[in-house]
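The structure under discussion appears below in the form of structure tokens.
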């Protein structure tokens, strides 16, 4: 890999039996984690809601005989977020997470109590750093002033780049997930729920897809050209890792062309996320 300004992170969502992904056996999941480690990946992104993924990560590391990894985890808002964080840590065989995020926003009263609880968990040693995930820019701008969050995990791809340039001005460390648009940019999802993603309704979507032409390398290289703190990719089979060796620096002309297409597609729908969520 020739671009080194962003950490490459293995996302574990697809190891949890998500409806967007092919179901993997425990052995397959652990083998993928071990392959990632052998390729030099040390950051892993999980969540309480990913269930067995935590245990698979712990088991894979135990089989490898290593523990030098950086773990990002996520929990839903109060009232049970501390208990869920503690359960995740037990599954991971850890006393603390390197980064603990609030997984999704919620209504204001519960949100602020959740962020206060997140700060308390940090003070109690359950995590080193805290942050949020899937926040629209308006809410991120407000909460980042009121709380000591340092990370934001958000989708970033050619089909979803809304407000990314504004977010960078906040000084947060951005973790970019779904860099291939849930696989859509690599030509996947024509026969499953991915065809329902809001981006597909944009009049500019066909033009973007024609320009990318199913090139995972081009789509992923564009995300790395935005230099987030880390890029979170999911891997469902061993050959999926091959794309990492094809990432390259894009020339300015290509970046500007892709920027324009991405901006047009992102702005054509009213959601606050790659999914259909819209937070008031």
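The values are calculated or read from the model by the stated rules, or taken from the named source; none is laboratory data. The model shown is predicted, which means the values in this text are computed figures rather than measured ones. No Cβ is skipped: glycine too gets one built from the backbone with ideal geometry, and neighbour counts run over all protein chains shown.
Does residue 235 qualify as being more than 15 Å from residue 155 (Cα to Cα), at pLDDT 90 or above, outside any loop (DSSP other than H, G, I, E, B) and under 20 Å from the mean Cα position of the chain (by Cα)? Here the answer is no, as residue 235 does not meet what is asked. Total residues in the stretch 152-163 satisfying the condition of being out of contact with any helix residue (DSSP H, G or I) (no Cβ under 9 Å at 6 or more places or on another chain) and either surrounded by fewer than 21 Cβ atoms within 10 Å (Cβ to Cβ) or within 19 Å of residue 261 (Cα to Cα) (or both): the figure is 1.
Counting only residues that are buried (at least 20 other Cβ atoms within 10 Å of the Cβ) and either more than 15 Å from residue 206 (Cβ to Cβ) or over 20 Å from the mean Cα position of the chain (by Cα) (or both), the stretch 248-264 holds 2 of them.
Can you find a residue in the stretch 55-77 that is touching a strand residue (DSSP E or B) at 6+ places or on another chain (Cβ under 7 Å) and within 18 Å of residue 238 (Cα to Cα)? The answer is yes, given that some residue of the stretch 55-77 is touching a strand residue (DSSP E or B) at 6+ places or on another chain (Cβ under 7 Å) and within 18 Å of residue 238 (Cα to Cα). Filtering the stretch 1-21 to residues that are part of a loop (DSSP other than H, G, I, E, B) and either modelled with pLDDT of 70 or more or in contact with a helix residue (DSSP H, G or I) (Cβ under 8 Å, 6 or more places away or on another chain) (or both) leaves 1, 3, 5, 6, 12, 17, 19, 20, 21.
Taken over the stretch 41-70, the criterion of being touching a residue at least 24 places away in the same chain (Cβ under 8 Å), in a loop (DSSP other than H, G, I, E, B) and over 20 Å from residue 178 (Cα atoms) is satisfied by 66, 68, 69. Residue count for the stretch 180-218 satisfying the condition of being assigned to a helix (DSSP H, G or I) and closer than 26 Å to residue 242 by Cα: 14. Among the criteria (1) over 29 Å from residue 72 (Cα atoms); (2) buried (at least 18 other Cβ atoms within 10 Å of the Cβ), the one residue 225 does not fulfil is (1). If you go through the stretch 186-232 and keep only what is touching a strand residue (DSSP E or B) at 6+ places or on another chain (Cβ under 6 Å) and more than 20 Å from residue 252 (Cα to Cα), you end up with 229, 230, 231, 232. Name every residue in the stretch 244-261 that is assigned to a helix (DSSP H, G or I) and out of contact with any strand residue (DSSP E or B) (no Cβ under 8 Å at 6 or more places or on another chain), in order of residue number. Answer for the stretch 244-261, where residues must be assigned to a helix (DSSP H, G or I) and out of contact with any strand residue (DSSP E or B) (no Cβ under 8 Å at 6 or more places or on another chain): 245, 246, 252, 253, 254, 255, 256, 257, 258, 259, 260, 261. In the set 49, 73, 55, only one residue is crowded, with 24+ Cβ neighbours inside 10 Å and closer than 22 Å to residue 103 by Cβ; that residue is 73. Taking the condition in contact with a strand residue (DSSP E or B) (Cβ under 7 Å, 6 or more places away or on another chain), crowded, with 20+ Cβ neighbours inside 10 Å, at pLDDT 95 or above and over 13 Å from residue 151 (Cα atoms), does residue 140 pass? When the stated conditions are applied, residue 140 does not pass them.
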